[in-house]
1. Is there a quick way to get the dipole size of the chain? I mean about its Cα centre, with the Cβ of Lys and Arg at +1 and of Asp and Glu at -1; what is the value in debye to the nearest 20?
2. Can you tell me how the chain classifies by the Cα gyration tensor, rounded, prolate or oblate, using a/c under 1.5 as the rounded cut?
3. Select from Leu46, Leu31, Leu90 the residue whose mean-square fluctuation is largest in a Gaussian network model of the chain (Cα-Cα springs shorter than 10 Å).
Amino acid sequence: MTEPLLQIILGCVLLVAVVTDLRSYRIPNSLTVPAMAAGLLAHTLLDGQAGLIVSLKGLGLGLGLFLIFHLMGGMGAGDVKLMAAVGSFLGPEGVLSAVVVTGLLGGLYASAAMVAHWGLRGTVQHIGAMLTMRALSHEAALAATPGSQVQLRYSLVIGLGTLLSQMVVVL
């Protein structure tokens with residue numbers, strides 16, 4: 001296995017994640033868990049124990065950074081596991097750059113989705129409510145209103161953020 005082959009495999013994993021997420025709002029464990037294992041195995045085969053350690057560090061960092069957002073209710077568990085899989089392929093430095101670019105793109109995506117869903121005024125009101133510590137009661141009111149939550153398909157952002165971060169690394 002060569003490094004470009006790992007990039008192709010990761011690209012395929014990300015593409016499948018995007019397609020399934022767009023179709024069903026889910027990223028299945030049947031994709032993310034084997035992807036994590038493939039990253040770990042590939043790095044072990046390429047670089048032995050050192051490769052395994054780099055891959056484990058990347059997996060753990062990707063998992064840990066996105067788990068925080070999941071626990072805050074900002075993303076689904078499939079997104080977290082997808083970023084862990086990305087980390088198993090890219091290692092800690094690569095996944096950190098992917099998380100940064102993904103975060104920047106995700107902020108733009110979430111902002112655009114909120115404006116499209118609630119309009120500019122409604123978005124400002126929602127953000128204001130969250131920032132003034134009325135978020136808990138505000139979120140409870142939103143949860144009680146069907147269709148009031150903005151649904152994000154974050155796999156698309158993870159895919160683009162990972163791709164762009166790796167393009168920047170190459171340059």
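The numbers here are math on the coordinates, done by the rules we state, and not lab data. Fair warning: this is a prediction, and the values are worked out from it, not measured in the lab. Glycine also receives a Cβ, built like all others from the backbone with ideal geometry; neighbour counts cover every protein chain displayed.
1. 420 debye
2. Prolate shape, in that a/c is at least 1.5 and a/b is the bigger ratio.
3. It is Leu46.
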